[in-house]
Amino acid sequence: MAEVDNSRINEIRRVASRLFRDDGYHGTSVRDIAEAVGIQGGSLYTHVESKDDLLWDIVNHSADRFFAAIESIVESDREIMPKLHDAMVAHVGVITADLDAAAVYSTEWRHLAGNRRAAFASRRDAYEQLFRGMIRQGVRDRLISSSDEVFASLFVLSSLNWVYQWFRPDGRLTTDELGQLMADYIFDGLRRRTV
């Protein structure tokens with residue numbers, strides 16, 4: 001029974017992510033989600049308590065995936081530039097694995113209510129700190145020329161996050177090729193030109 005429920009929750013999450021991405025959180029009703037899943041509006045409430053709970057679930061599930069993708073990279077003993085490169089590739093991999101959820105994570109989280117919005121903003125900040133820490137180390141090691149680690153980390157993440165807008169799974173680049181290419185382009189802009 002739990003397996004059936006988990007499957008239904010995943011389907012609801014997937015459908016809601018697509019609708020929130022296409023029509024926005026406020027432009028999507030509970031009835032829209034239920035119809036797209038193929039159930040009655042009231043039946044949706046047997047799986048989720050509210051539309052806000054569903055948004056909270058989607059963005060937290062995405063945040064979990066981002067953290068899981070890069071934490072082992074960040075914690076490794078490798079040199080900082082390969083570590084930062086691999087973190088960028090992993091970040092792109094999370095986005096391209098679920099473009100709809102990545103879009104919701106990037107934009108629709110702002111519609112969370114009160115404490116949830118603040119809690120999610122803290123999670124996003126903590127994730128950004130992982131990149132900021134690697135960039136800080138690169139600056140200390142004189143491998144990155146940026147004098148503003150905050151701006152540099154925002155530049156990196158903003159560049160990577162926008163992938164959900166234009167990446168097409170059936171396009172000419174695989175997910176890994178895209179991640180490698182983006183990391184290489186960003187590196188060429190960040191890498192120190194003189195010692």
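Computed from the coordinates by the stated procedures, all read-outs in this text should not be read as laboratory data. On a predicted model such as this, the values are computed, not experimentally measured, just so you know. Here the Cβ is made from the backbone with ideal geometry for all residues, glycine too, and neighbour counts use every protein chain on show.
General remarks:
- Full-extension gain in nm, ASN10 to ARG140, via 0.36 nm per residue minus C-alpha separation: 42.5 nm
- A simple rule links phi to the HN-Hα coupling: the Karplus curve 6.51 cos²θ - 1.76 cosθ + 1.60 with θ = phi - 60°, which for segment 61-76 gives 4, 5, 4, 4, 5, 4, 4, 4, 6, 10, 4, 5, 5, 4, 7, 6 Hz, with x for Gly and Pro.
- Considering only PHE155, ILE9, SER72, the residue lying farthest towards the positive end of the dipole of the chain is PHE155, judged by Cα position with unit charges set on Cβ.
- Within the chain, the longest run free of trypsin sites (Lys or Arg not before Pro) that sit in a DSSP loop with at most 14 other Cβ atoms within 10 Å is 1-77.
- Magnitude of the charge dipole, segment 1-93, Cβ model with Lys/Arg +1 and Asp/Glu -1, debye to 20: 260
- For the chain, modelled as a GNM whose springs connect Cα atoms under 10 angstrom apart, the maximal fluctuation among ALA119, ALA69, ALA87 occurs at ALA119.
- Cα gyration tensor shape of segment 51-190, rounded if a/c is under 1.5, else prolate or oblate by comparing a/b with b/c: oblate
- Angle in degrees between helix 114-140 and the longest Cα principal axis of the chain, rounded to the nearest 10: 20
- Residues SER76 and ASP52, FRET efficiency given R0 of 41 Å [Cβ-Cβ distance, rounded to 0.05]: 0.65
- Amide hydrogen neighbours beyond the local backbone of ILE144, cut-off 5 Å, H modeled: VAL139, ARG192
- Mean separation of Cα contacts under 8 Å, 6 or more apart, over the residue count of segment 51-190: relative contact order %: 33
- Estimated FRET transfer efficiency (ALA118, VAL150; beta-carbon r; R0 22 Å; 0.05): 0.65
- Net charge dipole, the chain: roughly 600 debye, given to the nearest 20, about the Cα centre with Cβ charges of +1 for Lys and Arg and -1 for Asp and Glu.
- Principal-axis tilt of helix 149-161 within the chain, Cα atoms, nearest 10 degrees: 50
- Angle between the chain longest axis and helix 80-97 axis [Cα atoms, degrees, rounded to 10]: 20
- Estimated [θ] at 222 nm from DSSP helical runs (n ≥ 4, -39500 (n - 2.57)) normalised by residues in the chain, nearest 500: -24000 deg cm²/dmol
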